[in-house]
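Asker: Okay, handing you the structure first.
The values are calculated or read from the model by the stated rules, or taken from the named source; none is laboratory data. Every value quoted in this text rests on a predicted model; they were computed, and no experiment measured them. When we count neighbours, we look across all protein chains shown, and the Cβ atoms used for this are built from the backbone with ideal geometry, even at glycine. We work out accessible area using only protein heavy atoms, side chains counted, and drop any ligands, DNA or RNA first. Shrake-Rupley method; radii C 1.70, N 1.55, O 1.52, S 1.80 Å.
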Amino acid sequence: MKPSQLFRIPWYAAHRSLRWMAVVLLTVCAGSAIGLGLFGSKPGHFAGAIFMFGVGLLFVWAFFLPTTLLLAIDAWQLRVPAIQRQIVASLLLHAGLGIAVPTLVLGMLGAPVLNTAVVLTLCTAVGLAFALMPRYCAIFFGLMPTLGNTLWHRLHLPGIDDPRFVLLALPLILLSLLLIVIRWRRLLRGGSSRAQGWSSPMVLQYRSGGWGQWSAIGDLRQLQQRPDWLQLAVSLDGVGPTAPRKALRVALGGWYLPQTWRSYARQLGLMIAFVALPLLGVAWLLHWGGQDAQAAVAMRGVLIGSLGMVGGVAGPMICTFSLIWLNRRWQQANAELPLLALLPGLGEPAQARRQVVRAGLGLPLVLHALLALLIGVAMLCWHGHVAMLSFLLLAQLGATTVTVAMLLNLFGGRRLSIWVTGAVLVTSFVLCLSSLLLPAISWGRHPVAGVEPLLLPLVGAWLLLGAGMIWLARRGWRGLMQLPHPFVQS
């Protein structure tokens, strides 16, 4: 098979949305790495450039390229060994290009060539190993960056641009490669008949479309893979004509379902555990043999960084999940939506509109408000970081306007094209990440020259997006008012 055909194998194996997600993220990371290499302030700018491209490479090898294993499993079951060899050759080709090309580019900019190659090789191996390990291992993989960075500084280990780093990274690379070979062979022979749960490998979850296929969000098959103690416990108490909004939430399904207090407590406890575990590990490492004052400052930085990641990512995701889930009810060509008009207790069309808006916007707005409240409390507690946290609050308010505008246009029958919806969601996501990264880069421990002047245009971009969302929200509201009934779209 020709090299060009080998190169395209992962493109055919992955879902279309995941292809473009990988391309966009890798392009952004590559551009950021080159920008840091050219304009970053010394010292440490090459370390930031290597790390930035390594993040993109890690994502590609964790979520995009491992989909070829699913194709290899099918080929094994069909007894077509030639395809398996071609898949392995394709992965080796992508590994060679993904390591050699950025190493050459960053080396031309002045980065240490050997260190760059070793770091990118490590990111490649760790990303693929992540996809082949059981799902519960994802928790520990998520802790690795924070814990590794803290432990690295606590033990005074060399940085990724230090020549001594190579000797420390080589054993990690060999261990990752050994895990990859063992898990690949075992999964190839075990196939996709293994139990689909937390003990199953991450890569087997990609087949069902839960990663990179937005239409599978909230799918019943995905929810059934949870352990028994994490299954949703639906609360049907009081559902009926006297509680039309609760009845609407039951009809909408998904994460709109009203749950019992115990069910909410379990979901919230799991989220808190995911956040608390890395923080406890970081706190232990910071106080391990260090001064309390330095440990307190470092812990504050970890807390602000964790809050920034949650606030920067959760805002757009709330809008995306709500829009995709409700789009199933309002845009699918079936008789399911008009049947909701028969729910008792909705009242006149005007009352039904209010119930629909409250049921559809209630949960997303509550989540946005909780995140904004959390950021506000952080601003009150850490006065020295108010300027940085204000950008996170601005991002949360901007994401809220996007949620309101998107859902009101959906309810009002003013359907936005896939390109407009995608452009708005991508823009809000980019602005949220910029609100997280640009202030940290401008006012952090090692500020990058030339970034601080971008903060004012960032505020202007948020104001421009907010104005556009207000116009869209008004458009959707007027469309909803003109409908004879919110569940009769034509």
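Asker: Quick check: with the 1.4 Å probe, what order do His94, His15, His368, His383 take by accessible area, largest first?
Answerer: Accessible-area ranking of His94, His15, His368, His383, largest first: His383, His15, His94, His368.
Asker: How charged is the neighbourhood of Leu179? Take every other residue with its Cβ under 15 Å from the Cβ of Leu179, and add Lys/Arg as +1 and Asp/Glu as -1.
Answerer: +3
Asker: A follow-up question, please. Rolling a 1.4 Å sphere over the protein heavy atoms, what is the accessible area per residue of the range 332-395, to the nearest Å²?
Answerer: Averaged over the residues of the range 332-395, the accessible area is 53 Å².
Asker: Also: Whole-Hz ³J(HN,Hα) for each residue in the range 22-27, computed from phi via Karplus 6.51 cos²θ - 1.76 cosθ + 1.60 with θ = phi - 60°, x for glycine and proline: what do you get?
Answerer: Couplings: 5, 5, 5, 5, 5, 5 Hz.
Asker: Could you check the spin-label model distance between Thr242 and Asp162? Points 7 Å from the Cα along Cα→Cβ, value in nm.
Answerer: 6.9 nm
Asker: Could you state how much accessible area Arg358 has, in square angstrom rounded to the nearest 10, with a 1.4 Å probe and all protein chains kept in place?
Answerer: My reading of the accessible area for Arg358 is about 130 Å².
Asker: How charged is the neighbourhood of Met469? Take every other residue with its Cβ under 14 Å from the Cβ of Met469, and add Lys/Arg as +1 and Asp/Glu as -1.
Answerer: Taking every Cβ under 14 Å from that of Met469, the sum is +3.
Asker: What does the charge count near Lys246 come to, summing +1 for each Lys or Arg and -1 for each Asp or Glu among other residues with Cβ under 13 Å from its Cβ?
Answerer: +2
Asker: Another question about this same structure. Could you derive backbone 3J(HN,Hα) for the range 458-475 from the dihedral phi with the Karplus parameters 6.51, -1.76 and 1.60 (θ = phi - 60°), listing whole Hz in sequence and x where the residue is Gly or Pro?
Answerer: Taking θ as phi minus 60°, the curve returns 5, 4, x, 5, 5, 5, 5, 5, x, 5, x, 5, 5, 5, 5, 4, 5, 4 Hz for the range 458-475.
Asker: Quick one: what are the phi-derived ³J(HN,Hα) couplings along the range 159-169, Karplus 6.51/-1.76/1.60 with θ = phi - 60°, whole Hz, x for glycine and proline?
Answerer: Couplings: x, 6, 9, 8, x, 6, 5, 4, 5, 7, 7 Hz.
Asker: Now for a different question. Taking amide H positions as placed in the peptide plane 1.01 Å from N, state which residues far from Gly240 in sequence (5 or more) or on other chains have amide H under 5 Å from it.
Answerer: Close amide H contacts, sequence-distant or interchain: Ala247.
Asker: Could you compute how much accessible surface Trp20 exposes when probed at 1.4 Å, giving the result in Å² to the nearest 10?
Answerer: 140 Å²
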